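All of the numbers you see were taken from the coordinates with simple rules; none came from a lab. Quantities reported herein were computed from a predicted structural model and do not represent experimental measurements. Backbone-built Cβ (ideal geometry, glycine too); neighbour counts: all protein chains shown.
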Amino acid sequence: MPGQAAFLQAEGSTNDHDLGLFALGAGAGASQAGRSTVGLYHLAWEVDTLAELKRIAGVLAGSGSLVGASDHGTTKALYAHDPDGLEFEVSWLVPADRLTPDMKIGTEPLDLDAEIERYGATTKGGVGVSVPAH
């Protein structure tokens, strides 16, 4: 269904698709889920590195989908809207061995270049948090 659906497959998956996205078209109203109705508010995907987060930020900005970028202390997150207006998040998690007791949890503007300088572009995120430490 060109222009109406996208079928995505996770790396290493043997499924024909792991996520199907369908466009409802211009007649669909904005989702009120999480605001005034029950329903899907947003989805979140985790990326392995800050380099990947930066690459995705460029893609989302280039398509006009990027609506925000936040530093939550333990996570670095991008927020975007799909063609139907549903919000989604792409984030990198600070590895467990880099978490400190003084780390503030909140919502601040994300300076991705500063975070790359701090943690490294290719440091694997989520280790010991969402990814087992080996």
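Some notes on this structure:
- Condition met for P83 (more than 13 Å from the chain's Cα centre (by Cα) and closer than 20 Å to A6 by Cα): yes
- Residue check for P95: free of Cβ contacts under 8 Å to residues at least 40 places away in the same chain, surrounded by 16 or more Cβ atoms within 10 Å (Cβ to Cβ) and not aliphatic (A, V, I, L, M): yes
- Considering only residues in region 81-110 that are of a type in the set (G, A, S) and assigned to a loop (DSSP other than H, G, I, E, B), the one that is farthest from K124 (Cα to Cα) turns out to be G85.
- Restricting region 63-80 to residues that are of a type in the set (G, A, S) and part of a strand (DSSP E or B), the residue that is surrounded by the fewest Cβ atoms within 10 Å (Cβ to Cβ) is G68.
- Subset of region 43-58 (residues that are closer than 8 Å to W92 by Cβ and either of a type in the set (S, T, Y) or outside any loop (DSSP other than H, G, I, E, B) (or both)): E46, T49, L50, E52, L53
- Residue in region 118-127 that is free of Cβ contacts under 8 Å to residues at least 12 places away in the same chain and either part of a helix (DSSP H, G or I) or closer than 21 Å to A10 by Cβ (or both) present: yes
- Qualifying positions in region 122-134 - surrounded by 15 or more Cβ atoms within 10 Å (Cβ to Cβ) and of a type in the set (A, V, I, L, M): V127, V129, V131
- Across region 98-120, the qualifying residues are those that are exposed (fewer than 14 other Cβ atoms within 10 Å of the Cβ) and among the basic types (K, R), and the one among them that is farthest from H134 (Cα to Cα) is K104.
- Matching entry among L60, L53 (being within 20 Å of S130 (Cα to Cα), of a type outside the set (D, E, K, R), surrounded by 15 or more Cβ atoms within 10 Å (Cβ to Cβ) and touching a strand residue (DSSP E or B) at 6+ places or on another chain (Cβ under 7 Å)): L53
- Residue match in region 78-86 (condition: more than 26 Å from E11 (Cβ to Cβ) and not β-branched (V, I, T)): yes
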